[in-house]
Amino acid sequence: MFGQAPQWVLANGVPIADALVLSHPEQCDRLRAACPEAAPTAVLAGDPCFDRVLAARPYRERFRRALGVRAGQRLIVLNSTWNPESFFGDGGAGGDDVLPALLPRLAREFPVDEYRFAAVLHPNIWHGHGPGQVRAWLDRARRCGLVPIDPLEGWRQALLAADAVVGDHGSVTFYAAALGTPVLLAAAPLHELDPGAPVSDLMREAPRLDPRGPLREQIDRLVEDHRPLPGPAAYTTSVPGEAAVRLRTLFYSMMGAAEPEWPASLDPLPLPGHEPVSVTAPLHVLTRVPWPGEVVVTRWAGPPPAAECAGGEVHIAVHEDTRDVDQLELADVIFRDGLPDDPRFGSPAVWTQEVLQRRPGCALAAFTVGPAECVVRTRGGEPLRLLSSPETAVDPAAAASALHALLGAGEAGGDVTATRLAKLVADGGFAVRVGARRVRVRVAGLHPG
């Protein structure tokens, strides 16, 4: 009975708190059963944390854009509480470290343009192991696109943005289920929980992750077959939206003072800073050209599944800031992101020219200048712009790989490449298919005219 047993709420047989704030009558009943001496201190005042989340629901798309989630992408939040049998611990799976074992598979099984991953780890994980150690454990996954979320300020926004949560018996997973978000349990140590608590019901009812089975198949099935469980939403708070009013009334009554005349309110959830997608691990890019002017692109931050590659061509695309520097010599496409007026790179036109001079095996260089635009240059060619609609934009680096495929994967001679580029400009560009999305990409000169 974490938080409600006598050792948590009594000192020398006397309640340590004048008021013990609870969010649901069910908690009051469990307090009376666990520690009758503390029951008179119970105050039903709702859940201010959940009220802030509910109030921020209309801004879900903003939170998704802040996390770099593009249209058509699924954001999967990995969440772990802090005890040894949590998702980040051994998960009760015979001593196996579940989350660390799964992280390398995310790169192999999930195309980077169709899925975005974020990790919400309990503050005690960061405190207990130290930020440097946790970052080291997450380093490879971060280079493959995973973003760690601030465990104090950013987790609520991440939950609102999520399409699914893979978690355990911690409160963040319960909040996700209360929002109606699909939840997949990677750890569910029922023996550690009060069998009568709502979280125990969630652990019994929610689907379980098979860590040895195909991950992508389980995530897709979870999202597509999801039916929200009624229990978490019902038991998180019995008075949604009332926490600010009830808490202020409680505080002022305890002080013996009159409440202010203005309405009680909670601070809205802040909009997080933008977390651009930064995949610096080498990308294996599978392309298919079903007909002229259209390219199907699938990118993995690791070797692609062999079964996926039939009927397509694979090339290597590498971020210039990769730590796998040997892969730059093997890259067909080299890309980076930055501001177009950053003096360190001269300009996108200068940078693309320098890359092609420095890397003789590279066929195309791409400088991303925004979420929907990049400047590209082929060997011996002039710089061009690739642009897509900001509302439905494909990653400009993916568009650059699509262009590479349309130009013959670097096999065409200079004159042939120039002719094909000129035709693409005249045709107004080309189409890129990423997952279920089809996006039009315009090819234009670097300067008007």
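Find out how many positive minus negative residues lie around residue 247, taking Lys and Arg as positive, Asp and Glu as negative, among other residues whose Cβ is under 15 Å from that of residue 247.
Residues close to residue 247 contribute a combined charge of -3.
Where does each of 221-232, 14-25 land if you order them by average Cβ count within 10 Å, highest first?
Descending mean neighbour count gives 14-25, 221-232.
What is the local net charge at residue 446, summed over the other residues whose Cβ is closer than 15 Å to its Cβ (Lys, Arg +1; Asp, Glu -1)?
Local charge sum for residue 446: 0.
What does the highest-first list of 434-446, 266-278 look like by mean Cβ count within 10 Å? The partial results should precede the final answer.
Working: 434-446: 16.9, 266-278: 13.3.
Top of the packing list down: 434-446, 266-278.
About its Cα centre, how strong a charge dipole does the range 217-335 have in debye, to the nearest 20, once Lys and Arg get +1 and Asp and Glu get -1 at the Cβ?
Dipole magnitude for the range 217-335 comes out near 560 debye.
For the chain, give the magnitude of the charge dipole about the Cα centre (Cβ charges: +1 Lys/Arg, -1 Asp/Glu; no others), in debye to the nearest 20.
I would put it at about 1080 debye.
According to the square roots a ≥ b ≥ c of the eigenvalues of the Cα gyration tensor, what is the shape class of the range 372-411, taking rounded for a/c under 1.5, prolate for a/b larger than b/c otherwise, and oblate for the remainder?
Oblate, since a/c reaches 1.5 and b/c is not below a/b.
Rounded to two decimals, what is Rg over Rh for the range 202-342 when you use alpha-carbon atoms and the Kirkwood radius?
1.20
Going by alpha carbons, how many degrees (0 to 90, nearest 10) lie between the helix axis of 215-224 and the longest principal axis of the chain?
Helix 215-224 sits roughly 70 degrees off the main axis of the chain.
What's the ranking of 357-366, 69-78 by average number of surrounding C-beta atoms within 10 Å, highest first?
Per-residue Cβ counts within 10 Å, averaged per peptide and sorted highest first, yield 69-78, 357-366.
Quantify, in whole percent, the carbon and sulfur part of the accessible surface of the chain (1.4 Å probe; protein heavy atoms only).
Here carbon and sulfur together make up 55 percent of the probe-accessible area.
Which net charge results for the neighbourhood of residue 79, defined as the other residues with beta-carbon distances under 13 angstrom from its beta-carbon, given Lys and Arg at +1 and Asp and Glu at -1?
Summing Lys/Arg as +1 and Asp/Glu as -1 gives 0.
Find the centroid of the Cα atoms in the range 281-335 and in the range 352-421, then give the distance between the two in whole Å.
14
Mind listing the phi-derived Karplus ³J(HN,Hα) values for the range 204-213, rounded to whole Hz, using 6.51, -1.76 and 1.60 with θ = phi - 60°, and x for any glycine or proline?
7, 9, 6, x, 9, 6, 9, x, 9, x
Where both residues lie in the range 218-366, what percent of DSSP beta bridges are antiparallel, nearest 5?
Values: 11 of 17 bridges.
Among the beta bridges of the range 218-366, antiparallel pairing accounts for roughly 65 percent.
Between the helical axis of 131-143 and the dominant principal axis of the chain, each derived from Cα atoms, what acute angle in degrees is found, rounded to the nearest 10?
Around 40 degrees separate the two axes.
Along the charge dipole of the range 121-250, which of 218, 193, 152 sits closest to the positive end, that is, farthest toward it, with unit charges on the beta carbon of Lys, Arg, Asp and Glu (+1, +1, -1, -1)?
Of the options given, the answer is 152.
Can you work out the accessible area per residue across the chain, with the rest of the protein chains kept in place, probe 1.4 Å, in square angstrom?
Value for the chain: 47 Å² per residue.
The values are calculated or read from the model by the stated rules, or taken from the named source; none is laboratory data. Keep in mind the model is a prediction, meaning the values are calculated, not measured. Glycine also receives a Cβ, built like all others from the backbone with ideal geometry; neighbour counts cover every protein chain displayed. Heavy atoms of the whole protein, side chains included, go into the accessibility calculation; ligands, DNA and RNA do not. Shrake-Rupley method; radii C 1.70, N 1.55, O 1.52, S 1.80 Å.
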